[in-house]
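Worksheet for the structure shown next.
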Amino acid sequence: MARPLVTTPLRSMLFTPGSNEKMVAKAPSSGADGALYDLEDSVAPAQKQKARELVAQAIPGLKKAPGAPLTTLVRVNAVETGMLEKDLEAVAVAGLDAIFLPKPESAADARTADAILTRLEKDRSLEAGGIGIILQIESAKGVVNCYEMCTAVPRVVGINFGSAEDADLCRDLGATWSPDGVTLLYARSKALTDARAAGVPHPTDGVYMRLDDEAGCRADAALARQLGYTGKAAIHPKQIAIFNDVFSPSPAEVDYYEGMMQALGEGTKAGLGAVTYKGKMVDVAMAKHAERVLARARTIKGR
């Protein structure tokens, strides 16, 4: 069973409370790469069923909307809540690309979600393995067991690191969040390394809570990209343009790497294994990085 969602970009994913009918209706026009409907923290216990129904109704028509996100996501409730099966029974419909699974701490959690999805896909004649799982890394155990969870089942297509200020991961670590990212640097790097080692295509970062701090939001996203993350979850539409920009190769990067590839090509014709380009020695290892950046730029341009 091949991993779903391998090539689509997920630079930005907008959280939308599933119980808010107006916000659910507006989600397709946000400009985000992913519409991320929430059944978990932003939905009061008494509103869970309403949220399931609203989101289930919205999913089938989402991709038909003009300018709609390429990817449809739903954050369900954690395995430990006992609500996961009801959530999946409601939203595992044609058009759903992946679920966000919050607070997983072991491979067993990923396998539990996988087993329910496998049953529902079969019962509803959906593509086997077509609904991916993105693991929200939100606890110390989640960080420690990240690689094990990423490799637990083929439908795990990414992680979302719990970098939010004063949220679950900070609490579990006993950490005080810092704007410079130092507090969570080890956990953020460890989760990213595990996800990359597991080969999941979408290692993404968590939310930035300070809505009126555009500079801080951009800096937080830039740090995540420097580490190797490919996107970030948004809690407000005004963050989307920032994330789409930060997690896209810039025109200067594209020009640089296109020039590098041309210089390497000319060097190869001349029988050289390495060449000097803009004052740097470059060889096949740098070429592989350049190819990756240019491929991502082409994918984003073509979305």
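The values are calculated or read from the model by the stated rules, or taken from the named source; none is laboratory data. Keep in mind it's a predicted model, so treat the numbers as computed, not measured. A quick note on method: Cβ atoms are made from the backbone with ideal geometry, for glycine too, and the neighbour counts reach across all protein chains shown.
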* How many residues are touching an Asp or Glu at 6+ places or on another chain (Cβ under 7 Å) and either at pLDDT below 95 or loosely packed, with under 14 Cβ neighbours inside 10 Å (or both) when one looks only at segment 48-83? -> 4
* Residue among T8, T72, T112 that alone is out of contact with any Lys or Arg (no Cβ under 8 Å at 6 or more places or on another chain) and among the hydroxyl-bearing types (S, T, Y) -> T112
* Every residue from segment 167-188 that is more than 21 Å from N244 (Cα to Cα) and in contact with a Gly (Cβ under 9 Å, 6 or more places away or on another chain) -> A167, D168, L169, C170, D172, L184, A187
* Asked: Taking segment 189-230 only, how many residues are closer than 14 Å to N244 by Cα and of a type in the set (S, T, Y)?
  -> 3
* Under the condition of being without any contact (Cβ under 8 Å) to a residue 24 or more places away in the chain and crowded, with 17+ Cβ neighbours inside 10 Å, which residue from segment 178-221 is farthest from T16 (Cα to Cα)? -> T183
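Just one of L120, L88, L96, L126 is in the same structural domain as A167 (by TED's automatic domain parsing), in contact with a strand residue (DSSP E or B) (Cβ under 6 Å, 6 or more places away or on another chain) and either of a type in the set (A, V, I, L, M, F, W, C) or outside any helix (DSSP H, G or I) (or both); which is it?
L96
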* Asked: Taking segment 104-116 only, how many residues are in contact with a helix residue (DSSP H, G or I) (Cβ under 6 Å, 6 or more places away or on another chain) and either in contact (Cβ under 8 Å) with a residue 60 or more places away in the chain or in a helix (DSSP H, G or I) (or both)?
  -> 5
* Asked: Where residues in segment 227-236 are in contact (Cβ under 8 Å) with a residue 60 or more places away in the chain and not in a loop (DSSP other than H, G, I, E, B), which of them is surrounded by the fewest Cβ atoms within 10 Å (Cβ to Cβ)?
  -> G231
* Residues satisfying the stated conditions in segment 132-174, i.e. polar (S, T, N, Q) and either not assigned by TED's automatic domain parsing to the domain that holds V74 or not in a loop (DSSP other than H, G, I, E, B) (or both) -> Q136, N160
* Of the numbered conditions (1) in a strand (DSSP E or B); (2) among the hydroxyl-bearing types (S, T, Y); (3) under 30 Å from L70 (Cβ atoms), T276 satisfies every one except a single condition; which is it? -> (3)
* State which residue is nearest to G61 (Cα to Cα) when the search covers only segment 22-47 and only residues that are part of a helix (DSSP H, G or I) and at pLDDT 95 or above. => Q47
* With A241, A224 as the choices, which residue is touching a Lys or Arg at 6+ places or on another chain (Cβ under 7 Å), touching a residue at least 40 places away in the same chain (Cβ under 8 Å) and assigned to a helix (DSSP H, G or I)? -> A224
